[in-house]
Structure formats: C-alpha cells, structure tokens
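**Q** Attaching a single structure in structure tokens format; questions to follow.
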Amino acid sequence: MPQATRPTQLSPSRALDFQQCPLLYRLRAVDRLPEEPSKAQVQGTLVHSVLERLYEMDAGERTPEEALAMIEPEWVRIQSEGDLGGLFDGLDDESSWLRGVRRLVETYFGMEDPTRLEPHRTECLVSTTLDDGTRLKGFVDRADVNGDGLVRLVDYKTGRRPSDRFCDKPLFQMKFYALVWWRTRGTVPKLLRLMYLGDGRFLDYSPTEAELESFENGIKALWGTMREAIATGRFLPQRSKLCGWCSFQDRCPEFGGEPPDYPLPTVLPGLEMPPT
C-alpha cells in the first residue's frame with residue numbers, strides 16, 4: 001500500500017479532483033490508492049511524449065515521418081517504466097490502439113507546422129507561492145514566446161473539443177498555468193491554447209490581469225477549504241455523471257462502499273492545523 005501524504009501544494013488536476021468530488025481527491029492525493037491507467041490515458045502519455053521529443057529535434061527535421069517513427073520506440077520505453085500488461089485484449093487490440101496514436105500525431109501536423117516554431121520551453125514546470133502561502137505547481141506542454149515578448153501557453157489534448165458550455169474545466173487548467181506564469185514572470189500570457197487532436201480543433205482564450213486576480217482569489221479560497229479537509233479528514237463524496245469513470249466506486253458510500261480509515265492525524269475544526 002502506498003504511504004499516505006499530507007499534500008502541501010496544489011496542481012490544476014488535483015484542484016479539479018476536489019471540485020468534482022472531495023473523496024476522489026482524498027483517495028488520490030492523500031491515501032494515494034493505486035489506479036489502473038485507461039487506454040485513453042496511456043494514449044495521451046504516448047502522444048505527449050512524441051510531441052515533446054519532436055521539439056528536441058532541429059526545426060527542419062520536425063516532419064510527420066520523423067514523428068511517426070518515434071511512436072514505436074517511445075511506446076517500448078513507456079511499457080518498460082510501468083506494468084501495462086493488462087491494458088489490451090491481444091495483439092489486434094494493441095495494433096488498433098497504435099493506429100489511433102498515429103492518427104492523433106498526423107492530426108497535429110494538420111493543425112500547425114512545427115518547423116516554423118521554436119518554443120521557449122516544452123514540458124515546462126511552473127510553480128509559485130502566493131502571498132498567503134498557497135503553493136501552486138503544474139506542467140505546461142509548451143510555452144511559446146515571440147520576438148515582442150508575447151506569451152502563448154499551449155496544451156495538447158487527445159480527445160475532442162468540448163462544446164462551449166463544457167469549456168470551464170479545461171480553461172481552469174490553463175488559467176491556473178497563466179496565473180503562475182504571471183506571478184513568476186510578471187507577464188500575463190497573451191493566449192491560452194488547447195489543441196484537441198481528436199478532431200483537429202482549437203480552444204483559445206486570452207486572459208486579462210483582472211481576471212487572473214479574481215481567479216487567484218478563488219484558488220486561495222479553494223486551497224483553504226482543501227487544507228481544512230486534509231486536517232479534519234472530512235472528505236464528502238459528491239455524486240455526478242463522472243462517477244461512471246471513477247476507479248474508487250468500491251470505496252465510495254454512494255455505491256455501497258466504505259473508505260479506508262483516514263491515514264493522517266486529524267484536528268477539530270477551528271483548532272490549529274498541522275503544519276504544511
């Protein structure tokens with residue numbers, strides 16, 4: 001069983017977990033219970049790895065042929081780093097899955113020309129501590145900075161672009177990155193771009209300083225709520241349509257399960273919290 005931890009910082013994925021379901025956050029971030037990766041998750045890992053390696057090459061060498069040639073060796077490497085033996089139902093299933101990976105990589109080349117780009121950073125770590133002590137950390141797939149100093153933050157998605165009414169979740173992630181970039185580098189990114197390789201569409205957003213200030217206040221309040229839950233062990237389940245994709249239904253009271261005993265010392269609400 002993985003050793004429990006008391007989280008001391010916030011990432012966009014864990015923030016979204018807590019907003020979706022506090023119990024889900026607890027089981028992932030505190031109990032650190034193992035989860036079997038899905039085919040879609042591993043596919044995303046492989047595509048991201050190929051695109052990251054692509055930008056390690058000289059600009060003129062960033063061709064579709066070179067990118068497609070990277071898939072097999074990157075897949076071998078990923079398999080060597082984790083137990084993925086139960087992911088596929090035979091060789092035909094894996095072959096079909098790899099064809100899907102190739103389609104996603106090919107779609108990328110229809111969306112932009114990497115030979116004309118020279119990213120500032122790929123797989124860029126962004127982290128900061130806000131003025132109230134809230135610690136933020138995340139990884140941006142790509143940061144582009146042009147000659148005038150304008151910044152574009154780019155994230156690759158292997159699914160299809162959501163309709164406008166369901167864009168809040170992916171934009172939360174990008175605003176999180178934009179906030180950290182602004183607080184560490186003093187520049188508000190000009191453009192936040194999500195590239196949906198599943199259908200070759202973009203989701204673009206241009207944040208303002210005032211908007212990021214408001215977002216920052218929301219993040220501080222969210223982390224305060226999360227810290228109290230971490231200190232007291234009170235993580236209530238929140239049922240939604242997303243429960244069908246949850247790995248922890250057998251641990252959830254909403255589905256007749258029982259969470260494990262809370263693995264950390266707790267304090268009563270209103271008393272001093274354990275240090276973070």
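**Q** If I filter segment 208-246 down to residues being surrounded by 12 or more Cβ atoms within 10 Å (Cβ to Cβ) and touching a Pro at 6+ places or on another chain (Cβ under 7 Å), which single residue comes out as nearest to K169 (Cα to Cα)?
**A** That would be Q238.
**Q** Mind listing just one residue for me: the one in segment 99-121 that is among the hydroxyl-bearing types (S, T, Y) and in contact with a Leu (Cβ under 8 Å, 6 or more places away or on another chain) and, of those, surrounded by the most Cβ atoms within 10 Å (Cβ to Cβ)?
**A** Filtering segment 99-121 for residues that are among the hydroxyl-bearing types (S, T, Y) and in contact with a Leu (Cβ under 8 Å, 6 or more places away or on another chain), the one surrounded by the most Cβ atoms within 10 Å (Cβ to Cβ) comes out as Y108.
**Q** Scan segment 125-137 and give yes if some residue there is touching a residue at least 60 places away in the same chain (Cβ under 8 Å), at negative phi and part of a helix (DSSP H, G or I), otherwise no.
**A** No: zero hits.
**Q** State the number of residues belonging to segment 1-21 that are part of a helix (DSSP H, G or I) and in contact (Cβ under 8 Å) with a residue 60 or more places away in the chain.
**A** Going through segment 1-21 one residue at a time, the tally reaches 7.
**Q** Under the condition of being in contact with a Lys or Arg (Cβ under 8 Å, 6 or more places away or on another chain) and either in contact (Cβ under 8 Å) with a residue 40 or more places away in the chain or of a type in the set (D, E) (or both), which residue from segment 141-150 is surrounded by the fewest Cβ atoms within 10 Å (Cβ to Cβ)?
**A** L150
Per-residue answers, yes or no, for (1) part of a strand (DSSP E or B); (2) touching a helix residue (DSSP H, G or I) at 6+ places or on another chain (Cβ under 7 Å); (3) under 28 Å from V30 (Cα atoms); (4) among the hydrophobic types (A, V, I, L, M, F, W, C):
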position: V140; (1), (2), (3), (4): yes, yes, yes, yes
position: L153; (1), (2), (3), (4): yes, yes, no, yes
position: Q173; (1), (2), (3), (4): no, yes, yes, no
position: L179; (1), (2), (3), (4): no, yes, yes, yes
position: V188; (1), (2), (3), (4): no, yes, no, yes
position: P207; (1), (2), (3), (4): no, yes, no, no
position: A210; (1), (2), (3), (4): no, no, no, yes
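Every read-out reported here was derived from the displayed coordinates using simple, explicitly stated rules and does not represent laboratory data. The shown structure was predicted, so the numbers you read here are calculated from the model rather than taken from an experiment. Neighbour counts are summed over all protein chains in view; Cβ atoms, including those assigned to glycine, are modelled from backbone coordinates with ideal geometry.
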